[in-house]
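What follows is a single structure, written as structure tokens, with notes after it.
The values are calculated or read from the model by the stated rules, or taken from the named source; none is laboratory data. The shown structure was predicted, so the numbers you read here are calculated from the model rather than taken from an experiment. FYI the Cβ positions are ideal-geometry reconstructions off the backbone, even for glycines, and counts take in every protein chain you see. Surface areas here come from the heavy atoms of the whole protein model, side chains and all, with no ligands, DNA or RNA. Shrake-Rupley method; radii C 1.70, N 1.55, O 1.52, S 1.80 Å.
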Amino acid sequence: MLNGQQTKLIAEIAEKIRGKILSGGFPPGERLKQERLAEEFGVSRTPIREALSRLEAQGLVSQQQRRSAVVCAPSARDISEIYRIRAELEGLAAGLAARWIPDAGLARLRANHERFLAKVRDSAAPARGRGGGRTARRTALLKLDAEFHAAIVAASNNRNLERLLQDLRSGAVGAAVSAAAAAMDSSRLEVQARQHETVLEALERRDGDAARLAVSDHILDAGEYILAWVENQSGS
């Protein structure tokens, strides 16, 4: 039986691996070798094995016949279904947020959007040197996008709705989303920025119906992009 310290270590390792999967550090299809992970985290293979079992129960990795764990790739149906649900729920959250979000919250959303636009412009600029700068910009864009959506959901003033959406963003689809988002080119990022602007303007007008529609359209469009990217990866 595991003691408290071992249980804590396993939970910490599982969360770190989960974070790398959801951030795109371990993309769908990546083979996670226990020896490599043990070396990376400075532990034995036992807590790695237990952490991977937890992630398998969450649907993030698959382990077969004692082979290395593989980051799960979602099916086209999974992506389509989850994005349709997200469109409805995040649209609902935006409609509620138009009513409840304080002026200070709107100011923070506007500041987030301005930072996002600046990063999009940076991404469109010619690359200089190695790809490290591009990777850093993409990471920053992913973070800003997540903050934008999270702020709207939090402003809905509905904790159960917020919890449901957090659950939807986890799992294999969440990992595919991160990997696909990291591969966005500047034209796709510009589309996303325009859609964020439409959402923000509706919220600033306190127009719940417009905010709901703008977010729903934005999520459905993102789902189509993610689906096309995943299908392209599987066919390459």
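Got a sec? Which of GLU231, GLU204 is open to solvent by 40 Å² or more (accessible area, probe 1.4 Å) and either out of contact with any helix residue (DSSP H, G or I) (no Cβ under 8 Å at 6 or more places or on another chain) or at pLDDT 90 or above (or both)? Show your work before the answer.
Working: GLU231 fails: either out of contact with any helix residue (DSSP H, G or I) (no Cβ under 8 Å at 6 or more places or on another chain) or at pLDDT 90 or above (or both).
The conditions single out GLU204.
With the requirement that a residue be open to solvent by 60 Å² or more (accessible area, probe 1.4 Å) and modelled with pLDDT under 90, what does segment 19-34 give you?
Of segment 19-34, the ones open to solvent by 60 Å² or more (accessible area, probe 1.4 Å) are 20, 23, 31, 33.
Within segment 19-34, LYS20, SER23 meet the criteria.
Within segment 1-28, track down each residue that is closer than 25 Å to PRO74 by Cα, free of Cβ contacts under 8 Å to residues at least 60 places away in the same chain and in a loop (DSSP other than H, G, I, E, B).
Across segment 1-28, the qualifying residue is only GLY25.
Given the criteria out of contact with any strand residue (DSSP E or B) (no Cβ under 7 Å at 6 or more places or on another chain) and surrounded by 17 or more Cβ atoms within 10 Å (Cβ to Cβ), does GLU50 qualify?
Values: out of contact with any strand residue (DSSP E or B) (no Cβ under 7 Å at 6 or more places or on another chain): yes; surrounded by 17 or more Cβ atoms within 10 Å (Cβ to Cβ): yes.
Against the criterion (out of contact with any strand residue (DSSP E or B) (no Cβ under 7 Å at 6 or more places or on another chain) and surrounded by 17 or more Cβ atoms within 10 Å (Cβ to Cβ)), GLU50 qualifies.
Looking at the structure I just gave you, is ARG84 surrounded by 16 or more Cβ atoms within 10 Å (Cβ to Cβ) and among the basic types (Lys, Arg)?
Details: surrounded by 16 or more Cβ atoms within 10 Å (Cβ to Cβ): no; among the basic types (Lys, Arg): yes.
So ARG84 does not fit the description; no.
Determine whether GLU147 is under 15 Å from the mean Cα position of the chain (by Cα) and over 15 Å from PRO27 (Cα atoms). Don't jump to the end; show me each part of the working.
Values: under 15 Å from the mean Cα position of the chain (by Cα): yes; over 15 Å from PRO27 (Cα atoms): yes.
Criteria met by GLU147.
For segment 151-169, name all the residues that are under 16 Å from ALA222 (Cα atoms) and open to solvent by 20 Å² or more (accessible area, probe 1.4 Å). Lay out the reasoning, then the answer.
To start, the set of residues in segment 151-169 that are under 16 Å from ALA222 (Cα atoms) comprises 165, 168-169.
Correct list: LEU168, ARG169.
Spot the failing condition for ALA57; the list is (1) open to solvent by less than 80 Å² (accessible area, probe 1.4 Å); (2) at pLDDT below 90; (3) under 26 Å from GLN233 (Cβ atoms), and only one is missed.
Going through the list (1) open to solvent by less than 80 Å² (accessible area, probe 1.4 Å); (2) at pLDDT below 90; (3) under 26 Å from GLN233 (Cβ atoms), ALA57 breaks only (1).
Go through segment 184-236 and give me each residue that's farther than 18 Å from ALA118 by Cα and outside any helix (DSSP H, G or I).
ARG205, ARG206, ASP207, SER236
Do we have any residue at all in segment 101-112 that's open to solvent by 70 Å² or more (accessible area, probe 1.4 Å), at pLDDT 90 or above and assigned to a helix (DSSP H, G or I)?
Yes, that holds for at least one residue.
Check off (1) open to solvent by 50 Å² or more (accessible area, probe 1.4 Å); (2) of a type outside the set (Gly, Ala, Ser); (3) in a loop (DSSP other than H, G, I, E, B); (4) touching a residue at least 40 places away in the same chain (Cβ under 8 Å) for PRO74 and give me the number that stays unchecked.
Among (1) open to solvent by 50 Å² or more (accessible area, probe 1.4 Å); (2) of a type outside the set (Gly, Ala, Ser); (3) in a loop (DSSP other than H, G, I, E, B); (4) touching a residue at least 40 places away in the same chain (Cβ under 8 Å), PRO74 violates only (1).
Taking segment 60-71 as the search range and keeping residues that are outside any strand (DSSP E or B) and of a type in the set (S, T, N, Q), which one is most open to solvent (accessible area, probe 1.4 Å)?
Within segment 60-71, the subset outside any strand (DSSP E or B) is 60, 63-68.
Remaining after also requiring of a type in the set (S, T, N, Q): 63-65, 68.
Numbers: GLN63: 45, GLN64: 124, GLN65: 158, SER68: 32 Å².
So, considering only residues that are outside any strand (DSSP E or B) and of a type in the set (S, T, N, Q), the one most open to solvent (accessible area, probe 1.4 Å) is GLN65.
Say we look at segment 178-207 and pick out the residues that are in contact (Cβ under 8 Å) with a residue 60 or more places away in the chain and under 25 Å from LEU55 (Cβ atoms); which of these is nearest to the chain's Cα centre (by Cα)?
SER178
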